[in-house]
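Colleague: Below you'll find the structure I mean.
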Amino acid sequence: MIDAENFLFNNVQGALKEIYSISTQNIVFQKTRKEFVGDFTLVTFVYTKDSNKTPEQLGTEIGDYLVKSNSFIEGYNVVKGFLNISLSIQFWINYFNEIKQKTTIGFKKENSSGKMIMLEYASPNTNKPLHLGHVRNNFLGYSVAQLLKANGHQVIKTNLVNDRGIHICKSMLAWQKFGNGETPKSSGLKGDHLVGKYYVAFDKLYKQQVEILITEGHSKELAEKKAPLLLEAQEMLLLWEAGNLEVLELWKTMNSWVYEGFDITYKNLGVDFDKIYYESDTYLFGKEVVEQGLSKNIFYKKDNGSVAIDLVAEGLDEKIVLRSDGTSVYITQDLGTAIERFKSYPQLNQLIYTVGNEQDYHFKVLFKILDRLGYHWAKECYHLSYGMVELPEGKMKSREGTVVDADELLEEMYETARLTTEELGKVEGFTEFELDNLYRIISLGALKYFILKVDPKKKMMFDPKESIDFNGHTGPFIQYTYTRIKSILRKSENLLDENFDSLSIQSIEKEIIRFIYDFEAIIVEAGKAYSPALLANYIYEFTKLYNRFYHECPILKEENSQIRNFRLHLSKASAQVLYNAMSILGITMPERM
RNA sequence: GGUCCCAUAGCUCAGUUGGAUAGAGCACAGGUUUUCUAAACCUGCGGCCCUUGGUUCGAAUCCAAGUGGGACUACCA
C-alpha cells in the first residue's frame with residue numbers, strides 16, 4: 001500500500017541529515033490547507049535552532065533537495081515557516097489504481113489486530129421505555145463497536161440489563177394496585193410503555209403521600225423516606241430477594257413485557273448485542289471480592305460494620321463497598337462483573353463501558369479499586385463517557401415527564417421523511433415495501449448522523465420542535481449524494497477495468513483521490529479517540545467535495561472515453577468510501593431516494 | 001466545602017500531539033436546471049474564539065487565576 005507520509009518522512013529525514021547533519025525522528029506532516037498549493041506541509045520552525053537558518057531558508061533548501069531527489073515530489077512553495085510539498089499527479093493516480101476496486105477501503109482486515117474488546121452499551125432499567133438519552137447511548141455504543149471492528153479488533157457487544165431493584169418494584173406495585181390485570185395485549189400498549197405507565201403512576205401517588213406527610217409536620221427528608229408506598233415497594237424488594245414466588249412471577253411477567261418492547265426499539269434503532277447480561281444474575285457478584293480485599297487489607301471494616309476503601313490519596317474519597325448489613329452496593333457488583341468477564345473471556349484485552357458522564361466519578365473509583373486489588377487489566381478498562389442530551393427546557397427528567405420518548409421520536413422522524421420524500425416526488429415506481437424501507441433509512445440516517453456528528457464527550461442540544469433537517473450537514477445529504485452516484489453507475493455500461501497512467505486530471509479530481517487516501521488514517525484516529533464524530537465530519541467534507549465535482553464535471557456525458565471511465569471509477573470509489581464510512585456510524589445507504 | 005466537565009457567528013456545531021487570513025450547517029439576502037436526481041451547487045451577510053495574566057518564533061488550542069453554566073461528591077442505581 002502506498003504511504004505518502006512514510007515516503008516523505010524518509011526523504012525529509014535524508015534531507016535534514018545531508019544538508020544540516022540533523023538526525024531526528026521529529027518530522028510531522030500536516031495536510032496542506034486548501035488556500036495554499038500543495039499536498040503535505042512541513043513546519044520548518046522546528047529546525048531553526050539546530051540549523052542556524054531562517055524558516056524560509058530551511059523551506060527552500062529542503063524543498064530543492066526533495067524535488068531533486070525523487071520524481072514523485074513535483075514541486076514546493078514556502079510561506080514563512082511552512083514548506084508546502086506537492087506530489088506528482090502520477091503519484092496520486094498510482095494510489096488510485098491500487099484502491100479503486102477495493103470494497104473494504106479504509107478497513108483493516110477482520111480480527112487482524114489480535115485484540116479482543118468487550119464493549120457494553122444500552123444497559124437500560126426495565127421500569128420504563130427508552131428515551132433520547134438512551135438513544136445517544138445506543139448509537140454511540142454501536143458505532144464505536146463498528147469503529148473498533150474497522151480497526152481490526154474483535155468486539156463483543158454486551159448489554160447489562162438492570163432488571164431488578166427498587167425501580168421495577170415500583171412499577172410492579174403500582175400495577176398490582178391499579179392495573180386491574182392490564183396487559184400489553186388487553187391495552188394495545190407496547191410492553192415497555194405499559195410498565196412505564198405504572199412507574200409514573202407510582203411516582204404520582206408517592207408524591208401525594210409525601211405532600212400529606214409534610215403538611216402533617218414531617219420534614220421533607222423524612223416524608224420522602226416514610227411514605228407508605230415507598231415502604232411497600234421496599235418490602236416487595238425484600239420479598240423478591242427472598243424468592244417469594246408470587247413476586248417473582250409478577251417480576252418475570254412484567255420484565256418480559258418490557259423486553260418485547262425493547263426488542264422492537266432496538267430493532268428500529270438498528271442496534272444489536274452479542275451477549276446480554278441480567279443484573280438479577282450478577283447482582284450478588286463481588287461479595288467474595290470484598291472478602292478477599294478485606295483479608296489483603298485493601299479494604300477495611302468500619303465501626304458500624306460496613307466495609308470501605310480509602311482513596312483519598314488518589315484525590316477521591318472513602319468509598320463504601322459493602323453495607324453494614326452485609327449487602328452489596330452498586331459498585332460491589334460492578335467489581336464482580338468486571339472480574340467475571342475477564343475470567344470467562346481470558347483473551348479479553350479491553351473492557352469499555354458506554355455510560356453517561358454523570359458517572360465519571362463512579363468509574364474512576366471502580367477502576368482504581370480494581371487496580372488496588374491487583375488486576376493488571378484494570379488499566380484496560382475504559383469509560384466511554386458521553387455528554388447528556390439537553391432539551392431547550394433543560395435536562396430531561398424521567399419522572400417529571402420531560403423526556404423525549406425513543407419510539408415516538410422515531411415515528412415522528414419517519415413521518416417527516418415520508419412527507420419530505422412525497423413532496424420531492426422522486427419515488428415513482430417504488431413499491432409499498434420499498435417506500436417503507438426508504439423512510440426508515442432516511443429518518444434513521446438523519447437521527448443517527450445528527451447525534452453522532454457531535455463530539456461524544458460534549459453535551460448536546462436537541463430541539464424536538466425544530467425536527468431534524470434533511471438539508472445541509474445531515475445524514476440524508478450524504479445518502480442523497482450516494483444515490484446520485486449509484487444512479488450514474490446504473491446508467492453506465494460495465495466499467496472497464498483499466499489503469500490510468502499519465503492521465504491528465506482536474507485538480508478537484510486529485511483532491512477527491514487525496515480525500516480517499518485520508519480515509520484510512522481517519523478511521524485509525526477516530527478509533528483511538530473512540531469518536532464517531534471525527535469520522536462523521538470527514539464524511540461531510542468528503543461529500544461536499546464530491547458534490548462540487550458532480551456539479552462541475554460531466555461524468556456520463558464526458559466524451560473522452562478514458563476520462564469518462566476514470567470519472568466513473570472515481571465516483572464508484574467515492575460511493576464505496578461513503579458507504580463504508582456510514583456503515584461505521586450504523587447508517588444504511590439507500591440505492592435510490 | 002471538595003473533585004471533574006464545559007464556554008468559538010443569532011442558533012446548532014467543527015477546529016486532535018500549539019502552526020498560515022478561525023470554519024461549516026441552519027437562519028437571512030441573492031443567483032444556478034433544454035446537461036448524469038435542485039434532499040444539490042455558487043455568492044453575500046455574520047466573530048473581543050468568556051475575561052485577565054503566563055509559557056514561545058507562534059495560543060481558540062498548553063498553564064494559572066477569575067466569571068458564567070453543568071455534573072458528581074449516598075450504606076441510590
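The values are calculated or read from the model by the stated rules, or taken from the named source; none is laboratory data. Computed from a predicted structure; not experimentally measured. Heads up, the Cβs are rebuilt from the backbone with ideal geometry, glycines too, and the neighbour counts pull from every protein chain shown. Please note that ligands, DNA and RNA were not included when accessible areas were found on the heavy atoms of the full protein model with its side chains. Shrake-Rupley method; radii C 1.70, N 1.55, O 1.52, S 1.80 Å.
Colleague: When the Kirkwood radius is taken over all Cα pairs of the range A:27-134, what Stokes-Einstein diffusion coefficient follows at 37 °C and 0.692 mPa s, in µm²/s?
Modeller: Rounded, D is 181 µm²/s.
Colleague: Could I ask something else about it? Compute the distance in nm between two label points, each set 7 Å from the Cα along the Cα-to-Cβ direction, one at A:K557 and one at A:Q359.
Modeller: For the pair A:K557/A:Q359, the computed spacing is 5.6 nm.
Colleague: When only the heavy atoms of the protein chains count and the probe is 1.4 Å, how do A:T431, A:T158 rank by accessible area, highest first?
Modeller: A:T431, A:T158
Colleague: Using alpha carbons only, how many degrees (0 to 90, rounded to 10) separate the axis of helix A:360-372 from the longest principal axis of chain A?
Modeller: Between helix and principal axis, roughly 90 degrees.
Colleague: Then there's this: Would you work out the relative contact order for the range A:449-584, in percent, from Cα pairs under 8 angstrom that are 6 or more residues apart?
Modeller: 38 percent
Colleague: Same structure again: Please list 3J(HN,Hα) in residue order for the range A:373-379, calculated via the Karplus relation 6.51 cos²θ - 1.76 cosθ + 1.60 where θ = phi - 60°; whole Hz, with x for glycine and proline.
Modeller: With coefficients 6.51, -1.76 and 1.60, one gets 6, x, 7, 5, 7, 4, 6 Hz.
Colleague: Shifting gears a bit: Restricting attention to the alpha-carbon atoms of the range A:4-87, what are Rg (one decimal) and Dmax (integer), both in Å?
Modeller: Cα only, the range A:4-87: 11.3, 33 Å (Rg, Dmax).
Colleague: So how much slack lies between A:E498 and A:N268, counting 0.36 nm per residue of separation and subtracting their Cα-Cα distance, in nm?
Modeller: Working it through step by step, the gained length comes to 78.6 nm.
Colleague: Simple spin-label model, 7 Å along Cα-to-Cβ: A:K459 to A:S256 in nm?
Modeller: Result for the modelled spin labels: 4.2 nm.
Colleague: Right, next: What are the semi-axes of the equivalent ellipsoid of the range A:443-593, taken as the square roots of 5 times the eigenvalues of the Cα gyration tensor, listed largest first and rounded to whole Å?
Modeller: Semi-axes, largest first: 30, 17, 12 Å.
Colleague: Please arrange A:E221, A:E260, A:E340 by accessible surface area, largest first, computed with a 1.4 Å probe and ligands excluded.
Modeller: A:E221, A:E260, A:E340
Colleague: By how many degrees, between 0 and 90 and to the nearest 10, does the Cα long axis of helix A:228-242 differ from the longest principal axis of chain A?
Modeller: 80 degrees
Colleague: Where both partners of a DSSP beta bridge lie in chain A, what percent of those bridges are antiparallel, to the nearest 5?
Modeller: Within chain A, antiparallel bridges account for around 50 percent of the total.
Colleague: Assuming 1.306 mPa s and 10 °C, estimate D for chain A with Stokes-Einstein, Rh taken as the Kirkwood radius over Cα pairs, in µm²/s.
Modeller: D, rounded to a whole number, is 57 µm²/s.
Colleague: If you don't mind, another one. With a 1.4 Å probe and all protein chains left in place, how much accessible area per residue does chain A have, in Å²?
Modeller: Value returned for chain A: 48 Å² of accessible area per residue.
Colleague: A follow-up question, please. P(r) for the range A:287-327, please, calculated from all Cα pair distances in 5 Å bins and given in %.
Modeller: The percentages, shortest bin first, are 6, 25, 32, 23, 11, 1.
Colleague: Evaluate the distance, in nm, between pseudo-label points positioned 7 Å from the Cα of A:S219 and of A:E288 along their respective Cα→Cβ axes.
Modeller: Modelled inter-label distance: 4.3 nm.
Colleague: Quick one: check the C-alpha center-to-center distance for the range A:15-80 versus the range A:433-491, whole angstrom.
Modeller: Each part's Cα centre sits 42 Å from the other's.
Colleague: Could you look at chain A and say what percent of its accessible area is carbon and sulfur, using a 1.4 Å probe and all protein chains?
Modeller: 50 percent
Colleague: Follow-up. Measure nothing fancy, just the Cα-based angle from helix A:245-269's long axis to the longest principal axis of chain A, in degrees from 0 to 90, nearest 10.
Modeller: The angle comes out near 20 degrees.
Colleague: Using a Förster radius of 56 Å, what is the FRET efficiency between A:F7 and A:Q347 based on their Cβ-Cβ separation? Nearest 0.05, please.
Modeller: Efficiency, rounded to the nearest 0.05: 0.95.
Colleague: Tell me, what is the FRET efficiency for A:N304 and A:S186 to the nearest 0.05, using R0 = 35 angstrom and their Cβ-Cβ distance as r?
Modeller: Result of the calculation: an efficiency of 0.10.
Colleague: Which FRET efficiency value, to the nearest 0.05, do you get for A:K379 and A:K34 by plugging their Cβ-Cβ distance into 1/(1 + (r/R0)^6) with R0 = 30 Å?
Modeller: 0.15
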